[in-house]
Amino acid sequence: MRPVHVLGVGLASSLGHGRDAHAGWAQAAPVVDEARFAPHPVHPLPPLPFAEAIPRRESRQMEDWQRLGTFAAGLAIADAGAQDRVAEMDLVVAAGGGERDAALDAQILQARPEEAALHAMLQGGLRPTLFLAQLSNLLAGSVSIVHGVGGSSRTLMGEDAAGAEAVRMAHARIAAGTSALGLCGGAFLAERPEIVLMHGFGGALHAGPWAPMAARPGRLVLGSAAAFLLLGEAPGIARLAFAATDQGAPEGSDARLDALWAAAPPARPGALDIWAGPFDTPRPGLRLADAFGHAVEAAFPLAVAVGALAVQAGAPQVRVAMQGAWLGEAVAVLEAA
């Protein structure tokens, strides 16, 4: 097995973008918008310099979640100083569906058309590119076009478990020698009416003023974020010593997570634990969602990225764990390069 290192990280969240904005995330006051989607708070994005990173001709074809992910992927490439190696990079992306046209949805709900009229309204109200924008793999295409990433491309769709699997897959390919550089990560835009509505209908959202995870058991607060990591064999920010995932029936989740921990490198004295799950747990560790909200596909890559920065800053080891909102478990361990 070849060593795998984090060479660069690209981060964008409610705290800002880049390394400096995220270095002190555990001590930072959370940025929350309690009014826009009341009674459900969200962690919103600040204005980001998309126009500086994405050519206008490409940006016009994107939705905001694509811009967010493409922007973060470019930050990871630049952070590693690997702009001259983009042709070698393999891409693994975790992404949800495209954005809804809320105005058109409202018109359809008000009109309550028959099936034939519904199709006519959709065809007349949406541009062809918006039909295509429902495809999750458009994010990978945008990353490839804007940044010139020329290797293989895989897109995973499956909520927070997809983000963890993207990291695991990129790690496994580099460790096996089948990939030289792996650009992996995900993006999630919480500030979308249909996203809030979907989670609200599922009964998963916290309602009322923002509260930390411990004060809202079984309820989540969504947060917009994107996180990408550039992985490779050469020493970099931190060594990704372990990355594993599992999935099965909800009632076996704790046992599967314990099994992943048993397979991981043992904890070192002074190790830092990060809990990347959307709901609180008795397990120790910093709560990622208290700072960023739950970023779904981006949650696990985000935890690994800030963990890598913590190792670079002197932490002897960072251990990341997650249980998904619906399904999936994941563990990653970072150590000094």
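The values are calculated or read from the model by the stated rules, or taken from the named source; none is laboratory data. The shown structure was predicted, so the numbers you read here are calculated from the model rather than taken from an experiment. Please note: Cβ atoms are built from the backbone with ideal geometry, for glycine as well, and neighbour counts cover all protein chains shown. Just the protein is used for accessible areas: all its heavy atoms, side chains included, with ligands, DNA and RNA removed. Shrake-Rupley method; radii C 1.70, N 1.55, O 1.52, S 1.80 Å.
Expressed as a whole percent, the accessible surface of segment 1-71 that belongs to carbon and sulfur atoms is 49, based on a 1.4 Å probe. Using the Cα centre of the chain as origin and beta-carbon charges of +1 (Lys, Arg) and -1 (Asp, Glu), tell me which of LEU205, ALA227, VAL4 is placed farthest towards the positive end of the dipole. The Cα lying farthest towards the positive end belongs to VAL4.
Could you give the size of the charge dipole of the chain about its Cα centre, using +1 on the Cβ of each K and R and -1 on the Cβ of each D and E, expressed in debye and rounded to the nearest 20?
That gives the chain a dipole magnitude of about 420 debye.
Between the C-alpha center of segment 224-291 and that of segment 1-62 there is a gap of 20 Å. With a Förster radius of 35 Å, plug the Cβ-Cβ distance of LEU197 and PHE50 into 1/(1 + (r/R0)^6) and report the FRET value to the nearest 0.05. My answer for the efficiency is 0.85.
Can you tell me the dipole magnitude for segment 187-337 around its Cα centre, using point charges on the Cβ only (Lys, Arg +1; Asp, Glu -1), in Debye to the nearest 20? Each step should come with its number before you reach the end.
Values: 9 positive and 13 negative charges, 55 e Å.
My answer is approximately 260 debye.
Between rounded, prolate and oblate, where does segment 2-87 land on the alpha carbon gyration tensor, with a ≥ b ≥ c its root eigenvalues, rounded for a/c under 1.5, else prolate if a/b exceeds b/c? The shape class here is oblate. Take the Kirkwood radius over Cα pairs of the chain, plug it into Stokes-Einstein at 37 °C and 0.692 mPa s, and you get 164 µm²/s for translational diffusion. The residues of the chain present an accessible area of 42 Å² per residue when probed at 1.4 Å with all protein chains retained. When the helices of the chain are scored as -39500 (n - 2.57) per DSSP H run of n ≥ 4 and the total is divided over every residue, the value at 222 nm lands at -10500 deg cm²/dmol.
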